[in-house]
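The values are calculated or read from the model by the stated rules, or taken from the named source; none is laboratory data. The structure displayed is predicted, hence computed values, not measured ones. Methodologically, a virtual Cβ is constructed for each residue, glycine included, from the backbone with ideal geometry; neighbour enumeration extends over all protein chains shown. SASA here: full protein model, heavy atoms, side chains in, ligands and nucleic acids out. Shrake-Rupley method; radii C 1.70, N 1.55, O 1.52, S 1.80 Å.
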Amino acid sequence: MTSQGREQALERMRVAGVSRPARDTFARHYDHLAAGATGLIAEADVEPALPTVQLEDVQVDAEQERAALGRTVVLTLNGGLGTSMGLAGPKSLLPVREGLSFLDITVRQVLALRERHGIPLPLILMDSFSTQDPTLEALAGYPDLAVDDLPLDFLQSQEPKLRADDLTPVTWEPDPRLEWCPPGHGDLYPSLLASGLLEALIEDGYRYAFVSNVDNLGAVPDGRLAAWFAASGAGYAAEVCPRTEMDKKGGHLVRRRSDGRLVLRDTAQTAEDEMVHFMDADTHPYVNTNNLWFDLQRLHTMLTERGGVLELPLIRNAKTVDPTDKGSTPVIQIESAMGGAVELFDDAVSVGVTRERFVPVKTTNELTLLRSDVYRVDDSTYRLSRTVDPAPVVDLDKDHYGMIGDLDARFPAGVPSLVEATRFEVQGDWRFGSGVRVVGAARLGPEGGTVEDGSTLGTPAPGQA
């Protein structure tokens with residue numbers, strides 16, 4: 001049935017208008033999947049990879065920064081709906097700081113850099129079919145954002161979910177939209193080519209791209225990094241930062257023993273019995289930030305030579321067709337990660353950055369931290385900075401705080417002050433008043449209740465008042 005399934009899937013994609021590079025990429029991954037590939041990367045086949053250079057050691061002057069940023073485009077991934085946190089619209093439109101959304105802050109960061117350096121610095125979003133319209137509507141509030149004739153966004157592609165039993169495209173009559181899925185952010189590369197954007201950027205004189213997730217507000221286009229990358233001559237660079245307890249399962253770069261190349265390994269590429277090694281911070285002390293830099297001309301040459309298909313490592317993602325219904329049809333989603341391209345460049349490098357460049361928001365735990373006084377946003381540059389180091393660990397009961405609506409209902413006056421906290425753990429249904437302060441380590445039990453206005457929670461660490 002696999003041959004039949006392959007052709008059925010490709011025909012669905014053709015009818016839906018999916019580009020040739022995206023269809024060819026899917027076909028290559030489908031063949032690997034049908035042949036039994038799992039995409040797993042064994043610990044025995046790799047060794048830890050430390051950063052090539054630390055950002056704090058990079059020395060450049062203001063003119064080098066301006067020149068490099070002047071040839072850089074900012075590509076921001078904006079395809080997610082945030083359904084895991086109960087959102088129905090684009091995650092990027094969620095208010096996170098003083099009424100500003102992820103998208104607002106991202107746009108204002110770029111506009112501030114343009115003004116400071118006197119450069120164009122285009123910001124272009126990779127949207128999905130689900131996020132495009134509301135995102136462009138929101139961007140209408142920034143009439144000066146567009147640069148020349150470049151678009152504000154381009155669309156990532158889509159592909160059929162495959163039945164786990166025979167790898168044919170799944171049919172789901174209750175909601176046919178659930179028959180489709182995004183192919184992971186590795187789709188960035190074929191979609192850049194198929195949209196014509198890659199060639200347009202090169203023709204307009206841009207040489208470098210900085211890419212990050214819209215929900216990581218620490219990922220500001222940095223002049224020092226741009227100048228360092230331009231001077232390095234490398235085709236690809238990945239930002240990595242020290243691992244903390246809140247990202248134990250974050251992907252990391254490793255070096256493949258067989259050929260010495262840098263490789264990205266994620267949780268979905270790790271066998272369950274090897275997760276203990278994967279999460280060992282002593283062995284793998286750095287986490288991949290998903291902030292990356294690449295040479296546009298090098299990428300164009302690579303894609304052209306390969307017919308628009310990059311051999312990114314397969315990620316086999318087992319799901320159910322309706323992610324909210326564990327009893328619905330089991331499916332396989334074929335995915336790839338844009339960071340997987342690191343192994344395709346023989347001169348790929350990595351740079352160690354501070355945690356301020358990696359502030360991902362994948363759960364309400366991280367959102368709570370971002371909304372707290374642990375972070376501040378500069379009024380002129382809109383850069384995010386941390387007021388305390390290290391940041392406290394936040395661990396909230398998923399049943400009562402896992403969805404945005406539930407979180408907001410339980411913190412109607414805003415999240416507590418966490419600047420003096422080391423750990424904030426909440427079990428059960430607790431509702432918080434205003435002016436609550438956490439000092440040291442605080443844990444609220446499963447019995448639930450009310451935390452009154454002005455309360456101080458926690459046990460101060462030695463030396464704390």
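Structure values in brief
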read-out	value
Criterion: modelled with pLDDT under 95, buried (at least 20 other Cβ atoms within 10 Å of the Cβ), touching a helix residue (DSSP H, G or I) at 6+ places or on another chain (Cβ under 6 Å) and more than 23 Å from TYR236 (Cβ to Cβ) - qualifying residue of GLY89, GLY80	GLY80
LEU33 vs. criteria open to solvent by less than 40 Å² (accessible area, probe 1.4 Å), touching a residue at least 40 places away in the same chain (Cβ under 8 Å) and either acidic (Asp, Glu) or closer than 30 Å to ASP399 by Cβ (or both)	no
Residues located in region 92-126, provided they are open to solvent by 50 Å² or more (accessible area, probe 1.4 Å), out of contact with any strand residue (DSSP E or B) (no Cβ under 9 Å at 6 or more places or on another chain) and assigned to a helix (DSSP H, G or I)	GLU115, ARG116
Top-ranked residue of region 278-296 - restricted to ones that are of a type in the set (D, E, K, R) and open to solvent by 50 Å² or more (accessible area, probe 1.4 Å), ranked as nearest to the chain's Cα centre (by Cα)	ASP280
Residue match in region 140-150 (condition: open to solvent by less than 50 Å² (accessible area, probe 1.4 Å), among the hydroxyl-bearing types (Ser, Thr, Tyr) and within 28 Å of ALA16 (Cβ to Cβ))	no
Sole residue being on the phi > 0 side of the Ramachandran plot and buried (at least 20 other Cβ atoms within 10 Å of the Cβ), chosen from TYR382, TYR375	TYR382
Long-range neighbours under 8 Å by Cβ, at least six apart or interchain, first residue at negative phi and assigned to a loop (DSSP other than H, G, I, E, B) within region 127-141, second open to solvent by 60 Å² or more (accessible area, probe 1.4 Å) and at pLDDT below 95	SER128/PRO182
Subset tally (residues that are open to solvent by 50 Å² or more (accessible area, probe 1.4 Å) and polar (S, T, N, Q)) for region 385-398	1
Count of residues meeting criterion [of a type in the set (Val, Ile, Thr), in a loop (DSSP other than H, G, I, E, B) and buried (at least 19 other Cβ atoms within 10 Å of the Cβ)] in region 343-362	3
From ARG23, ARG6, residue being crowded, with 19+ Cβ neighbours inside 10 Å and without any contact (Cβ under 8 Å) to a residue 60 or more places away in the chain	ARG23
Among the residues listed as LEU75, LEU81, LEU40, the single one being part of a loop (DSSP other than H, G, I, E, B) and within 30 Å of ILE124 (Cα to Cα)	LEU81
Matching residues, region 146-193, being farther than 24 Å from LEU75 by Cα, touching a strand residue (DSSP E or B) at 6+ places or on another chain (Cβ under 6 Å) and part of a loop (DSSP other than H, G, I, E, B)	LYS161, ALA164, VAL170
Counted residues, region 414-440 - those being without any contact (Cβ under 8 Å) to a residue 24 or more places away in the chain and either open to solvent by less than 50 Å² (accessible area, probe 1.4 Å) or in a loop (DSSP other than H, G, I, E, B) (or both)	5
Among the residues listed as THR354, THR381, THR387, the single one being of a type in the set (Val, Ile, Thr), in contact with a strand residue (DSSP E or B) (Cβ under 7 Å, 6 or more places away or on another chain) and farther than 30 Å from VAL263 by Cβ	THR387
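Residue by residue, here is whether (1) assigned to a loop (DSSP other than H, G, I, E, B); (2) open to solvent by 40 Å² or more (accessible area, probe 1.4 Å); (3) without any contact (Cβ under 8 Å) to a residue 40 or more places away in the chain holds:
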position	(1), (2), (3)
MET302	no, no, no
GLU311	yes, yes, no
ASP325	yes, yes, yes
GLN333	no, no, no
ALA341	no, no, no
GLU366	no, no, no
